[in-house]
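Asker: Dropping a structure here in structure tokens format, bear with me for questions.
The values are calculated or read from the model by the stated rules, or taken from the named source; none is laboratory data. Treat the numbers as computed from the prediction; the structure is a model and nothing was measured. Here the Cβ positions follow ideal geometry from the backbone for every residue, glycine too, while neighbour counts run over all protein chains shown. Accessible surface is based on the protein model in full, side chains and every heavy atom, while ligands, DNA and RNA are left aside. Shrake-Rupley method; radii C 1.70, N 1.55, O 1.52, S 1.80 Å.
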Amino acid sequence: MSMKKTTLLIVLCAAMQVQAQEGVTLKEVVVDGTRTVQLADRQVIYPTRQQREAATSGYSLLQQLGLPHIRIDAAAHTIAALNATGTIEVRINDVAATKDDLLSLDMQAVEAVEFIDHPGVRYGEGVAYVINIKVKHPVSGYALGADLSQALTHRRGDGSLYAKWNMGRDEVGASYSADYSHDRGTRSTEHTTYAMADGTVADVLRSTLGSDERSRHHALQLSYSLADSLCVFQARLNHSQPIGTERTVRDRLTAVNGLSSAYADHNHSRTKRPSLDLYFHRRLPHRQELTANVVGTYIDTRDHTERNELTPYIYHTRGKTYTIWSEAVYENHLPLFNVSAGAQWIQRYSDNVYEGAADAHNRMHTSGQNLFGQLSGRLWQQLSYVAALGVSRRYFRQADNRQTFLLCRPKLSLGLPFGHGWRLKYDFEIAQHMSQIALISQVSIKQNAFETLVGNPDLKPNRVTSHELRLSYTKPRLMLELKGYCRMNFDCNMEKTVRLADTDAPADIGTPFLNTQANQKGCHFFVVQPFVQCDIVPKRLSLTAYAGFYRYFNYGDDYTHTYNAVNGAAWLQAYLGRFTLMAYADNGYNWMEGENRGHQAPFWQLSATCRVSSQLQLSLRCSRPFSAHPADMKTDILNRYIHRHYVSTSASQGNLMMLNLTWNMSHGRQYRDINRTMNHRDTETGILK
């Protein structure tokens, strides 16, 4: 080899080594060596090897990432939002995932986690965050596994078994899960004053002296997929139902102006929910993609309720709900920008029969269509953008009542990197919020001796406008962020309480007050929030924390309420060889909506995970240690007729010790590029309770 060729080879090798040390640029600014990439509409987080090895399931992996505004309880297998902006949707390869999907997630196949805090026009109403786990698709071998959790201090446990077999393009999978809970530690106290129509005041003290809540569930999931480098077809059948009947009995005491009476409330329910999900994805020439998804869901509900405050109130419910949901999306990855367009369609029919004290037969037809288009790319090599426009239509029919709601839904995201690791991002979106189906039914349900919940068929969806400005600084071991967020709900759905004597409602309702929902002036809030994530000791000790100042504005038909709150959380994680230790704490969530001011109780958890072997992991988690009866919720109602202070506690949530065993075995597993799995189903029964 000549001297020139040898010198050239050395230079090329040195250049490749420098590039490997500096990191890879993924069409956006990437800070050298960082595991978080800031894109125009999302964050892409690359879990470290230590995090993947320490994770026992998809829940524990997400818990370790320290996602802001989200509380993840890996022991209880729950993911909840710590604010009032909406719900959380967890996906695997861009389609909604089930609990079994997260429990059976192969950590070695996980490539990245996308965190989308402004989901945009494609996703459904009320979705505040989307967590999308990107995984590689196996093409050979099999995998078996189990995830078993048992509370050591309370009667609670759940388990999941799964099996997957791959051969070339084919994958067959099955999973079975079951859980049980027996809780006797729920207590509550409530002090309410009622301003009666005759000028008197009723002073009511309510308390729960004892409770007995029992539930057992099981679920079966069967799946088949056919996949290659160009085409994917997947089918999934899910079925879940209780084992026996879910039962709740509460012993209560009510004192009205000092006169006490004891009674018991009962609820027995049973819901079956099968669903079939069909998914198709095709890669077309010239970097084009086509996706289609069709889901059918059936819900069968049987419910028996007794609310016996002062006088017996007993009713039964038989409900059936049929839903078809479909989506088609086209994507084209052009040299200068990406374009996508799609349509969603949903049709739902509910038939609910109320017998006994609540006598009604409610049939509802609802449908919705959503058309959307989106452009994304970069301008001047620096400014990244996402511009989207959607048009949604909602239709509702119940007896002689019909209504149609149209909304134009624009969205804009702009991101500008500058300096060394700095980035400025702005988001704007107009979305819509639609109330639960049950709230628009023509049904009245007695809540207690003084209040009746009444559905409002004239309730309309409302427009939601949001603005966010975010300044972030990212380095390999440090991420800082300062966010300002404003959300405005115009003509929105808020609770409304009126006196029966002031309305035209029939007198046989039996209570002096009616609770309903109505479109009122507005409900807005503003938040300023700093966020920090840093590796104190690289690959050993990390810290994540955030805190926000919230300001709420509520404008009803006959009131104005404002409220200030501070909400925050912190994580501390240590990776010590086979052991992983984690401490988490938050102050709950303080909020005000309409005339309801609430405080979700603080939550703190300590956990330790041990990798016994490559196939077996043991975890021990303690939730709310050193608290025997922690509060679950505190709420206040500030209505001109009703003033209420309510506190609930739960012994089963205090000093909760959970032991988790995760076992998995695989053989001959090989992977290829990312593929998508799917799961979408309906959960709304349309039953008012």
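Asker: What relative contact order, as a whole-number percentage, does the chain give when Cα pairs under 8 Å and 6 or more residues apart are counted?
Answerer: 13
Asker: Another question, if that's okay. Suppose R0 equals 41 Å. What FRET efficiency, 1/(1 + (r/R0)^6) with r the Cβ-Cβ distance, do His191 and Phe626 give to the nearest 0.05?
Answerer: FRET efficiency, His191 to Phe626: 0.90.
Asker: Can you tell me how segment 428-488 classifies by the Cα gyration tensor, rounded, prolate or oblate, using a/c under 1.5 as the rounded cut?
Answerer: Prolate, because a/c is 1.5 or more and a/b exceeds b/c.
Asker: Select one label from (i) 168; (ii) 186; (iii) 159: the one whose number is volume of the Cα convex hull per residue in Å³ as derived from the coordinates shown.
Answerer: Matching entry in (i) 168; (ii) 186; (iii) 159: (i).
Asker: A further question on this structure: Under a point-charge model restricted to the Cβ atoms of Lys and Arg (+1) and Asp and Glu (-1), what is the dipole moment magnitude of the chain relative to its Cα centre, in debye to the nearest 20?
Answerer: 2000
Asker: In square angstrom, rounded to the nearest 10, how much accessible surface does Arg409 have for a 1.4 Å probe?
Answerer: For Arg409, solvent-accessible area is about 10 Å².
Asker: Follow-up. Taking the Cα centre of segment 116-253 as origin, work out the dipole magnitude from +1 charges on Lys and Arg Cβ and -1 charges on Asp and Glu Cβ, in debye rounded to 20.
Answerer: 340
Asker: What are the chymotrypsin sites (Phe, Trp or Tyr not before Pro) within segment 113-162 that DSSP puts in a loop, where the Cβ has at most 10 other Cβ atoms within 10 Å?
Answerer: The qualifying sites: there are none.
Asker: Percent relative contact order of segment 437-491, based on C-alpha pairs within less than 8 angstrom and at least six residues apart?
Answerer: 28
Asker: Of Pro274, Thr87, Leu290, which is farthest towards the positive pole of the chain's charge dipole, taken about the Cα centre with +1 and -1 on the beta-carbons of Lys, Arg and Asp, Glu respectively?
Answerer: Of the options given, the answer is Leu290.
Asker: Please identify the trypsin sites (Lys or Arg not before Pro) of segment 202-294 that satisfy two criteria: DSSP loop assignment and at most 16 other Cβ atoms within 10 Å. Which are they?
Answerer: Arg287
Asker: Only loop residues by DSSP count here, and only those with at most 12 other Cβ atoms within 10 Å; note down the chymotrypsin sites (Phe, Trp or Tyr not before Pro) in segment 357-433 that meet that.
Answerer: Values: sites: Phe372, Trp380, Tyr385, Tyr395, Phe396, Phe405, Phe418, Trp422, Tyr426, Phe428; in loops: Trp380.
In loop regions of segment 357-433 (DSSP not H, G, I, E or B), the sparsely surrounded chymotrypsin sites (Phe, Trp or Tyr not before Pro) are Trp380.
Asker: Taking the Cα centre of segment 580-652 as origin and charging only Cβ (+1 Lys, Arg; -1 Asp, Glu), how large is the dipole, in debye to the nearest 20?
Answerer: 140
Asker: Give me the accessible area per residue for the chain, probe 1.4 Å, as a whole number in Å².
Answerer: Numbers: 30730 Å² over 689 residues.
On a per-residue basis, the chain sits at 45 Å².
Asker: Round to the nearest 10 and give me the degree value, 0 to 90, for the angle of helix 3-22's Cα axis relative to the longest principal axis of the chain.
Answerer: 10
Asker: With every protein chain left in place, what is the accessible area of Lys460 in Å² (1.4 Å probe, nearest 10)?
Answerer: Estimated to the nearest 10 Å², Lys460 gives 110 Å².
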